[in-house]
1. Collect the residues in the range B:16-42 that are within 14 Å of the ligand (Cβ to nearest atom), closer than 18 Å to B:ILE69 by Cβ and in a loop (DSSP other than H, G, I, E, B), keeping them in residue-number order.
2. Which number in (1) assigned to a loop (DSSP other than H, G, I, E, B); (2) open to solvent by less than 10 Å² (accessible area, probe 1.4 Å) marks the one condition that A:ALA58 misses?
3. One residue is enough: does the range B:72-80 have a residue meeting the conditions open to solvent by less than 30 Å² (accessible area, probe 1.4 Å) and within 15 Å of the ligand (Cβ to nearest atom)?
4. Give me a count of the residues in the range B:46-59 that are at the interface with another protein chain (Cβ under 10 Å from one of its Cβ atoms) and either assigned to a strand (DSSP E or B) or modelled with pLDDT of 95 or more (or both).
5. Of all residues in the range A:303-326, how many are more than 11 Å from the ligand (Cβ to nearest atom) and in a loop (DSSP other than H, G, I, E, B)?
6. Tell me whether the range B:25-34 contains one or more residues that are within 12 Å of chain A (Cβ to nearest Cβ), touching a His at 6+ places or on another chain (Cβ under 9 Å) and open to solvent by 50 Å² or more (accessible area, probe 1.4 Å).
Amino acid sequence: MEDTKKIYLDYAATTPTDPEVIAAMQPYFFDSFGNPSSIHSFGQDAKKGIEDARQKLASFLGAKPAEIVFTSGGTESDNMSLIAVAHENAQKGNHIITTRIEHHAVLEPARLLQKQGMKVTYVKTSKEGLVDPSDIKKAITAKTILISVMHANNEIGTIQPIAEIGRIAREKGIYFHSDAVQTIGHIPVKTDELNVDLLSLSAHKFYGPKGVGALYIRKGTRIGNYLYGGDQENGRRASTHNTAGIVGLGKAIELCEKQMDAEAKLQIQLRDTLIREIPERVQEVVLNGHPTQRLPNNVNFSIRYIEGESLLLNLDMLGIAASTGSACTSTSLEPSHVLLAIGLPHEIAHGSLRLTLGRWSKKSDVEQFLHYLPEVVEKLRAMSPLYHKK
Amino acid sequence: MEGYSNKLMEYFLHPRNVGEIENPSGKGRVGNVVCGDIMELYIKVENNIITDAKFKTLGCGAAIATSSIVTEMVKGKTLDEALKVSNKAVVEALGGLPQHKLHCSVLAEQALKAAIEDYQSKQAGGARS
Ligand code: FES
């Protein structure tokens, strides 16, 4: 087994930085190192790199360059959307609507705001992880100022009816934020079609570098500043720009715009092979998430009678990288809140396995994985006090 | 994995004494209320000495490794000696455990105690009848 080549099936955790992106970033470390806020040529060189990237991202989103704020990543964009909108609009109302399956980067600031006196409604989902827009509608009160629903879930891959939820929000004059960290660069995301006012994204999820992201803010949206101490990004987010990172984000989105459709097509094939073949080869597994309304690259199964961490460790020894929502992998010893929110009992959440594909995934990766999975599961089930061979 | 020693990985990947003992002298089944894991430990006792021990575990790498090593540690010991095997001794034998995995070794100690108690209560019951 030593010579088994490594297989990466964890693209939703992070993606490699595309070599073309690295090449585009390279000049901004030494040659064009200037501070983009400086008026001299060094600064203006760097500034041009940033504005080009802004233009590229805006074009991908069908937005205006002035509607883009560069941030340090998805977490900051989500935090900013909730906190800076809530504070700025406190006069108007004190109620936020979100869902139980959001990323912690949305849920934690929501809890913080609750401590500060905001009311938050956490809307449930179906067992496939779908939010029903009519549930959002029902939750709206005269005091609602913001609705936040993720575009696609990072664990189970379910894609939400964002456009419809956005329409409801717009009718009522409520701001609508969507965490699109998992969809940007993978499926089309047009801010006008989705009816969003705010949208979060992160470069390292679409073959850009880590530590850089953006928040789309529709023109006219009332949102407070988030970092203080400089007038970068119109004062909304002070701090010297991460020039190379932003340039990398721009290059990454440009590549995605060109390649995304073909990549998604291929990934859907691989995804569907996994979804079809895993239950063929391993008995008593359950697919988590929606069968069709899901990310092109996401597969999530619960394998009964085993635990996720021991499954991952065994796969890792075979050179296969995957992910799980098992309680044993979190320091809180709580299983994934997403798996619990879609109604999985603890013992089923325990054996969850997430596989996510990407730009460099090959048919042979999937075949190798399918080849090894049964023996790993068999080994763990032989140890399991709950398993009795049928 | 981060924080797992080589010795632990060795016991996790090639666990000793996996399985059940048919008609065991004692059986202990404990669950971890915190994260929902389950451990079963079987012992065979002859002349007050544990002659065989086996386990089944649903849990993380640490849980599997600790239950495996504990079965090794008690084999050949008298019941009194086995009762003194603490989770600390188990952790030491594995070359340490990450802080958030210590509870898994507690589970191994509890499973062992439960198996011994099961044997002892059967003995007591047997003596009465
Ligand atoms: S068995 Fe769950 S953390 Fe060890």
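1. B:ASN32, B:ASP37
2. Of the numbered conditions (1) assigned to a loop (DSSP other than H, G, I, E, B); (2) open to solvent by less than 10 Å² (accessible area, probe 1.4 Å), the odd one out for A:ALA58 is (1).
3. Within the range B:72-80, none of the residues are open to solvent by less than 30 Å² (accessible area, probe 1.4 Å) and within 15 Å of the ligand (Cβ to nearest atom).
4. Here the count works out to 4.
5. 8
6. yes
Rundown of residues vs (1) more than 14 Å from every other protein chain (Cβ to nearest Cβ); (2) surrounded by fewer than 24 Cβ atoms within 10 Å (Cβ to Cβ); (3) part of a loop (DSSP other than H, G, I, E, B), yes/no style:
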residue	(1), (2), (3)
B:GLU10	no, yes, no
B:LYS44	yes, yes, no
B:ALA63	no, no, no
B:SER67	no, no, no
B:ALA82	yes, yes, no
B:GLU92	yes, yes, no
B:LEU102	no, yes, no
B:GLN123	yes, yes, no
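Conditions tested, residue by residue: (1) assigned to a helix (DSSP H, G or I); (2) under 23 Å from B:ASP37 (Cβ atoms); (3) β-branched (Val, Ile, Thr); (4) away from the ligand (no atom under 16 Å from the Cβ).
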residue	(1), (2), (3), (4)
A:ILE348	yes, yes, yes, no
A:LEU355	no, no, no, yes
A:TRP360	no, no, no, yes
A:LEU373	yes, yes, no, yes
A:LEU380	yes, yes, no, no
A:LYS389	no, yes, no, yes
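The values are calculated or read from the model by the stated rules, or taken from the named source; none is laboratory data. Everything numeric here is computed off the predicted structure, so don't read it as measured data. Cβ sites come from the backbone with ideal geometry, for glycine too, and all protein chains shown count toward neighbours. The area values use the complete protein model at the heavy-atom level, side chains included, leaving out ligands, DNA and RNA. Shrake-Rupley method; radii C 1.70, N 1.55, O 1.52, S 1.80 Å.
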